[in-house]
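The structure under discussion appears below in the form of structure tokens.
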């Protein structure tokens, strides 16, 4: 009799516990603490003591993207050709980048596997919509990009890129929408970049977002809704991992954030902007030792003259830049150029070559496209 009762109780307990365990396994993870979000935030905490003088914002960011090996996505509404200068300071890459793009009223958003540069006025709504998508049930219907990173070449049409992304990653979504005709330069996301993050990069520049509509993914206009999102942090996370000092300092930085005591799980329910949540979990990001990348521009001195193709090949050999396409067309290769360099950075050399030959040079990192 006792054995029967014991077995019955154990059976009932098993049925009672199993759904709870299954439920906990299906709970979404913190959007800022995923396996591909953490490396991005670690990289942004790397030291960046750089100085740049009269350089285009686009080239500056491209150089840092290559030096730190971090993909950086530009919102199409930002004036990337703005010329800026940056003084040297003892700061992190994140602070340096925000200081640079602040000159065009833009800010950074660290995501899963990629960093976005967006208009400052749009950050909270882009952040909030992506957070809600990441924790939604419909997010599980999105498919990985595959064995290769999701990418496209220079000169691709934006609508074609988005259609390719949709067919590969969200084939069952209701993606009926219209966007402006836009030509994009080439870009490659990391293989680990989440589909939700890629969707934010591709769509937010058109004031669109991917969202969960009753379990079905759909593209809708971004609405200026409540920018606050909710997450419950356990007592262990707050008291031991984040710590009382960091918790107190964080609350002082974000006084408008709502904080309520939680019983299940035991801890604190925090309602605030995604930026506030991202700031709160900083102590949970493992520290990483970094060496300072050398991104200062090398300067060149001396004469450089002759046929354009000869000068370009000489420049490629001395700077280790990759020029393409080579060889040049017949009507371009024999154009005569003459330069007298005196501590001249390579970007100024390219400008002077354009001035003398009429041929355009578009540089992205170590690659330079030659445009007739």
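Just so it is clear, none of the values below were taken in a lab; they were calculated from the coordinates. In this text, all values refer to a predicted model and were calculated from it rather than measured experimentally. Neighbour counts run over all protein chains shown; Cβ positions are idealised from the backbone, glycine included.
Relative contact order for the range 68-182: what is it in percent, counting Cα pairs under 8 Å that are at least 6 residues apart?
21 percent
Restricting the count to DSSP beta bridges whose residues both fall in the range 160-289, what percent are antiparallel, rounded to a multiple of 5?
That works out to approximately 95 percent antiparallel.
Can you tell me how the range 149-206 classifies by the Cα gyration tensor, rounded, prolate or oblate, using a/c under 1.5 as the rounded cut?
It comes out oblate by the Cα gyration axes.
Which of 189, 324 comes first, and how do the rest follow, when ranked by fewest Cβ neighbours within 10 Å?
Going from least to most buried by this count: 324, 189.
Which FRET efficiency value, to the nearest 0.05, is calculated for residue 148 and residue 183 with the Förster distance at 30 angstrom and r the Cβ-Cβ distance?
0.85
How high is the relative contact order of the range 299-371, in percent, counting Cα pairs under 8 Å that sit 6 or more residues apart?
Result for the range 299-371 is 39 percent.
Give me the Å³ per residue figure for the convex hull around the C-alpha atoms of the range 198-252.
So the per-residue hull volume is 154 Å³.
Can you give me the distance in nm between label points at residue 290 and residue 317, each placed 7 Å from the Cα along the Cα-to-Cβ direction?
In this crude spin-label approximation the distance works out to 3.7 nm.
Starting with the highest mean, order 263-269, 353-359, 207-213 by the number of other Cβ atoms within 10 Å, averaged over the residues of each peptide.
Packing order, densest peptide first, comes out as 207-213, 353-359, 263-269.
I'd like the FRET efficiency for residue 253 and residue 310, computed as 1/(1 + (r/R0)^6) with the beta carbon distance as r and R0 of 56 Å, rounded to 0.05.
0.45
For the chain, with a Gaussian network of springs between Cα atoms less than 10 Å apart, report the residue from 122, 148, 240 with the top mean-square fluctuation.
240
Starting with the fewest neighbours, write out 335, 288 ranked by other beta-carbon atoms found within 10 Å of each beta-carbon.
288, 335
So what are the range 228-284's ellipsoid semi-axes, whole angstrom, largest first, if each one is the square root of 5 times an eigenvalue of the alpha-carbon gyration tensor?
Sorted largest first and rounded, they come to 15, 14, 10 Å.
Quick one: Cα centre-to-centre distance for the range 91-164 and the range 205-262, in angstrom?
Centre-to-centre distance over Cα atoms comes out at 17 Å.
Output the antiparallel fraction of DSSP beta bridges having both residues in the range 37-221, as a percent to the nearest 5.
85 percent
Nearest 5 is fine: what % of DSSP beta bridges in the chain come out antiparallel, could you say?
85 percent
What is the chain's relative contact order, in percent, from Cα pairs under 8 angstrom and six or more apart in sequence?
Answer for the chain is 15 percent.
What is the order of 185, 88, fewest Cβ neighbours within 10 Å to most?
88, 185
Taking springs between alpha-carbon atoms closer than 10 angstrom, which of 344, 193, 232 fluctuates most in the Gaussian network model of the chain?
344
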